[in-house]
Every structure is written in C-alpha cells, then in structure tokens.
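One structure below.
The values are calculated or read from the model by the stated rules, or taken from the named source; none is laboratory data. Because the structure is predicted, anything quoted here is derived from the model rather than measured. Counting neighbours? That spans all protein chains shown, and the Cβs are built from the backbone with ideal geometry, glycine included. Heavy atoms of the whole protein, side chains included, go into the accessibility calculation; ligands, DNA and RNA do not. Shrake-Rupley method; radii C 1.70, N 1.55, O 1.52, S 1.80 Å.
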Amino acid sequence: MSASTAAATPVAPAPAPTNPRSRVILASLIGTTIEFYDFYVYATAAVLVFPHLFFPSGNETAALLASFAVFGAAMVARPLGALFFGHFGDRKGRKATLVGALLTMGIATFLIGLLPTYAMVGWLAPAMLVILRLAQGFALGGEWSGAALVATENAPKGKRAWYGTFPQVGAPLGFIIANGLFLFIAVLLPSDDPTRPSDAFLEWAWRIPFLFSAFMVIVGLWVRLRLVESDAFTKIVTTKKVARLPLAAVFKSNWRELILGTFIMLATYVLFYLMTTFSLSYGRAATDAPVAGLGYSYTTFVLMMIGGVLFFGIFTLASGPWADRFGRRRTLLWVTAGIVVFGFLFVPLLGAGFIGVMVFLVLGFTLMGMTFGPMGALLPELFPTHVRYTGSAFAYNMSSILGAAVAPFIAVWLWTLGEGSPFWVGIYLSVMGLITLLALYLSRETRDLDIER
C-alpha cells in the first residue's frame, strides 16, 4: 500500500471505555457495604453505648428513646441528601457524586469516634452527635441510588434485577462487619452485667468501630475512582438532554412514580429497622425489667442475629433472578403478603424460647432479603435516565422518614404499651405491609422497560 493510500484510509475511532462487569459489581457492592457498616455501627451504639454516655442518667427508657430519636434524625436528612446528590448525579454524572457521598459518610462516622461524652461537655455532646448523625443521613441519601444506578445501568440485558441486588447485599455485609467488630470487642472486654457493656467498653473501646471506617472508605474510594460513566448517562449528555433542574423535572413528569416508589419501600424500611434495631433492644432487655424483654446477653443475641442476617444476604441475591424471571411487581406482591402475615407471628415466635426466637430472626431476615433485593432495580426503572438519580433517591429516602425514622421510636412505644409484649409491634409491621401492597397493586411492571429511555 502506498503512503498516499495509507494517509487517505480513515482511522476508526477508539471504542469508548466501559466498566468491566467485575468492577461494576465491586463498586456497587463495596460502597453500600461501607455506608451500611457506618450506619449499623451507629445503630448498635444507639442501643449499647449512647444511652449511657451521651444523655443524662436516671431513666434508662428515656435515654434509649433519646438515642433512637438521634438515630431517626438521620432519616430526616436523607431526603435532603437525595436532592443534593441526585441533582449533581443527574447533571454531572454518577461517579463523582458517589465519591462525594462516600467521603461525607466516612468523615462523619470517623468524627463520631472522637466525640466527648455528656460527662465531659454536657449537652454539647448530644448536640455534636446529632450534627454528625445528620451528616451520615445526608450522605446515605445520595449513596444508595447512585450505587443502584451503577449496577442497573451497566447490567447485561435481562439481568438488571440480578445486578441490582449487589448494592443491596451491602446491607447484610455491613451488618455482619459492624456487629462482628462490636462483638469481638465485647468478647475481649466482657461485662459482668448482661444488660450493660463493660466499663472499658464504655470508656474507650466503643470508639474503635467508628475509627475503623476510615480504612474502609479508602478502599471504597480506590474502587469507585476507577469507574467510567454508564452508556445511559453518556447518551443523555451527548444528546443534550441533561435536565437543568432534575427535581423540578421529576415532580412535573414523574410525580406518580415518586409517590408509588415511596410507599413501595415502606414495609421494607419498617421490617429492616425492626429486625436490626428494635430486636436488639427487645432481645437484651431483662425479663424482669419494667418493660420486659427476652433477657439474652449482648454476645448471645448478636450471634443469633448474625445467623439470621446470613439468610438476609442469601435471599437478597436469590431475589434478583426471581425478579428477572417473574417480574419485580409479582415477586414483591408475594413477599409483601408474607411480611403482613409475619407481623402476626411476633408473639408466638418470640414467646417460644430459643428455637422460636431463631425462627423469628431467620424468617424476618429472609423476608427482608426477598423484599430488599428487587428494589435495587425497581426504583431506578421507575424513572427516565435524565432524572433517574433524583427520582429513585428521593422516593427511597422519603420512605426512610415514613418508615425507618419513626420505626424504632414507635416500636419502643408500642412495646411499652403492650407492657413487654411485642404484639402491637407486629401489628404495626402488618399495617405498613398492607399499605405497600396497595402501592404495588397500583404500580406497573418495569422489567421490560428500556434503561436508556
């Protein structure tokens, strides 16, 4: 071939870089694992540590409720985080937004591990705890949706629900790591009082899980900084369809999906926090306390919970192929009906000794995995690409206010109302399940929708 002919031959443009499937799975999984680890570290400390160290002593129930109120405050910040990170995620891209959310969560969690206690600085201690807790909620408001979009927008055809389960698996993994670390510390520093951690645990050791989050964040950042944007987002950039104000656009065109998505998540959130936060309080409360519980030691009950959470992880992953085969809506209708029935089983199972409690934990966490897994695909699929980050994040996190923000507080109040019986707590779960069933009935199937629309 002559030089002139070679010069005239057009050179094909280099293919755009894509994310390998392993990188997509790891980036969506590791980020949510870290985020949920940080959240569970606080949830566990809200039961074990903060009532003793960050609020005035004298009334244990009041201190526990105050600790749960701070826990719930983060849920209020989550929709704000959804709007903030959703705006930039829909305008600037998923990658940079996810990095910002992860950094915000990691810094807030690390700083909680450095806080002075109520005995040191009085009411300034819970005030600073509230501020950092709000920062955690703000960050989580943007984390989940971005991770779900990374998974679903990069998924092979016909496997979006399967890929969407990987950010969801971060929840059980984060729980196991967080509670496993707390449990390891508690074993090294045992307490003579099963209802209270040891003095060494309360003096300094409780800070270790919070400080450890810094290492996990560094790992997460390394993975996420290697991502490239999905074809779906790149397409709206090249066609100049990026929304100037994603929030206004989603409220104008997709308000119905916002409402349905919020209530579709409701039962999931209530079940999630009853199984992880309320159950720990109920399991550890003494049988002869003013508001009686099961009387297990912290070590024993956390080991029982971790056994249940293994089923959470297994069935989160299993729910993806089911939702891809049978559809998201059909799968969730059956699972939510199971949650409604499960609410009526609280008293007979929790009153049936060790075996009954283990069945309660395994069944509850199994249902949790089966309802949580398909959400990673369903909520993003409700919205078009140009408002997908904002829409899915806002629906997911508005549900956190209606469900998770108030669930621990309502559960403790109903537990007190029942004079130690969990009957009304179970009824509360069943009612929330019925509301979710109605939302699912009014929704449409999203399995076959084009993710690049």
*asked:* Being without any contact (Cβ under 8 Å) to a residue 40 or more places away in the chain and surrounded by fewer than 23 Cβ atoms within 10 Å (Cβ to Cβ) narrows it down to one residue among LEU417, LEU437; which is it?
replied: LEU417
*Inspect all residues belonging to region 28-36 and state whether any of them is surrounded by fewer than 24 Cβ atoms within 10 Å (Cβ to Cβ), assigned to a helix (DSSP H, G or I) and modelled with pLDDT of 75 or more.*
yes
_Contacts under 6 angstrom Cβ, first residue in region 117-134 being within 17 Å of ARG207 (Cβ to Cβ), partner assigned to a loop (DSSP other than H, G, I, E, B), 6 or more apart_ = TYR118/PHE54; ALA125/PHE54; ALA125/PRO116; ALA125/THR117; PRO126/PHE54; MET128/LEU115; LEU129/PHE54
*Which residues, taken from region 55-110, are of a type outside the set (Gly, Ala, Ser), modelled with pLDDT of 70 or more, part of a helix (DSSP H, G or I) and within 26 Å of ARG196 (Cα to Cα)?*
VAL70, THR109, PHE110
*Quick check, is LEU149 open to solvent by 60 Å² or more (accessible area, probe 1.4 Å), in a helix (DSSP H, G or I) and touching a helix residue (DSSP H, G or I) at 6+ places or on another chain (Cβ under 8 Å)?*
no
_Options TRP255, TRP204; residue that is within 30 Å of VAL47 (Cβ to Cβ) and open to solvent by 30 Å² or more (accessible area, probe 1.4 Å)_ = TRP204
*Name every residue in region 184-225 that is within 24 Å of the chain's Cα centre (by Cα) and in a loop (DSSP other than H, G, I, E, B), in order of residue number.*
TRP206, LEU225
*asked:* Can you list residue pairs whose Cβ atoms sit under 9 Å apart, with the first residue in region 73-87 being without any contact (Cβ under 8 Å) to a residue 24 or more places away in the chain and the second being among the polar types (S, T, N, Q)? Count only pairs 6 or more apart in sequence or on different chains.
replied: none
*Do we find a residue being of a type outside the set (Ser, Thr, Tyr), part of a loop (DSSP other than H, G, I, E, B) and closer than 23 Å to PRO422 by Cα anywhere in region 266-284?*
no
_Scope region 383-412; condition surrounded by fewer than 24 Cβ atoms within 10 Å (Cβ to Cβ) and outside any helix (DSSP H, G or I); matching residues_ = PRO384, VAL406
_I'd like to check something: does region 158-181 contain any residue that is among the basic types (Lys, Arg), more than 15 Å from the chain's Cα centre (by Cα), at pLDDT 85 or above and within 30 Å of ASP450 (Cβ to Cβ)?_
yes
_Positions within region 361-381 being within 24 Å of GLY391 (Cβ to Cβ) and not hydrophobic (A, V, I, L, M, F, W, C), in sequence order_ = THR371, GLY373, PRO374, GLY376, PRO380, GLU381
*Out of region 220-270, which residues are closer than 30 Å to LEU434 by Cα and among the aromatic types (Phe, Trp, Tyr)?*
PHE251, TRP255, PHE263, TYR269
*Only one residue in LEU173, LEU134, LEU140, LEU183 is out of contact with any Pro (no Cβ under 6 Å at 6 or more places or on another chain), under 18 Å from SER400 (Cβ atoms) and open to solvent by 10 Å² or more (accessible area, probe 1.4 Å). Which one?*
LEU134
*Only one of (1) open to solvent by 20 Å² or more (accessible area, probe 1.4 Å); (2) modelled with pLDDT of 75 or more is not met by ALA7, so which one is it?*
(2)
*May I ask you to list the residues in region 261-286 that are aliphatic (A, V, I, L, M) and surrounded by 19 or more Cβ atoms within 10 Å (Cβ to Cβ)?*
ILE264, MET265, LEU266, ALA267, VAL270, LEU271, LEU274, MET275, LEU280, ALA285
